[in-house]
1. Take GLU88 and tell me if it is in contact with a Phe, Trp or Tyr (Cβ under 9 Å, 6 or more places away or on another chain) and either modelled with pLDDT of 95 or more or surrounded by 15 or more Cβ atoms within 10 Å (Cβ to Cβ) (or both).
2. Conditions: (1) at pLDDT below 95; (2) not in a helix (DSSP H, G or I). PHE11 meets all but one. Number of the miss?
3. Before we move on, is SER81 modelled with pLDDT under 95, of a type in the set (S, T, N, Q) and surrounded by 14 or more Cβ atoms within 10 Å (Cβ to Cβ)?
4. Would you check which residues across segment 16-70 are among the polar types (S, T, N, Q), buried (at least 16 other Cβ atoms within 10 Å of the Cβ) and either modelled with pLDDT under 95 or under 18 Å from LYS106 (Cα atoms) (or both) and list them?
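The values are calculated or read from the model by the stated rules, or taken from the named source; none is laboratory data. Note that this is a predicted model, so its numbers are computed, not measured. Counting neighbours? That spans all protein chains shown, and the Cβs are built from the backbone with ideal geometry, glycine included.
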Amino acid sequence: MERNSISNKEFAKELEQRTKKFAVQIIKLASQLPKGPESKVISYQLVKSGTSIGANYREANRSVSPADFKNKISICTKEASETQYWLEVIIEADLISIEKTTNVHKECTELLAIFTKIFQTCKAKK
């Protein structure tokens, strides 16, 4: 049991770092959007959802109950999905070159899969 607890703590710490790194990547990507009213809206939404993933995951790791943890993970999942949407809009509207968006989009997809799995595990533990 202690061994799993340590690996879970290590996983949580690594995922916190990973989501923070992702938030920085999102901010940098948003700063590369062309200037204009459309891009301003997209940039705002992208940065809002993309940085929220890590903030909510950090809160989840400091939750006061299993229900609180599950709720925060649910938010992480929704924010990752929204971030993926805005990245797809940027790609399909050709606002930033595909070369600059591929890695961020891939990381977002992986984070969405991770949080979806964590949420499903929480639901199964009812």
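1. no
2. Every listed condition holds for PHE11 apart from (2).
3. On the way: modelled with pLDDT under 95: no; of a type in the set (S, T, N, Q): yes; surrounded by 14 or more Cβ atoms within 10 Å (Cβ to Cβ): yes.
So SER81 fails the test.
4. Going through segment 16-70, the residues among the polar types (S, T, N, Q) turn out to be 17, 19, 25, 31-32, 39, 43, 45, 49, 51-52, 56, 61, 63, 65.
Filter once more, so that each one left must be buried (at least 16 other Cβ atoms within 10 Å of the Cβ): 19, 39, 43, 45, 49, 51-52, 56.
Matches in segment 16-70: THR19, SER39, SER49, THR51, SER52.
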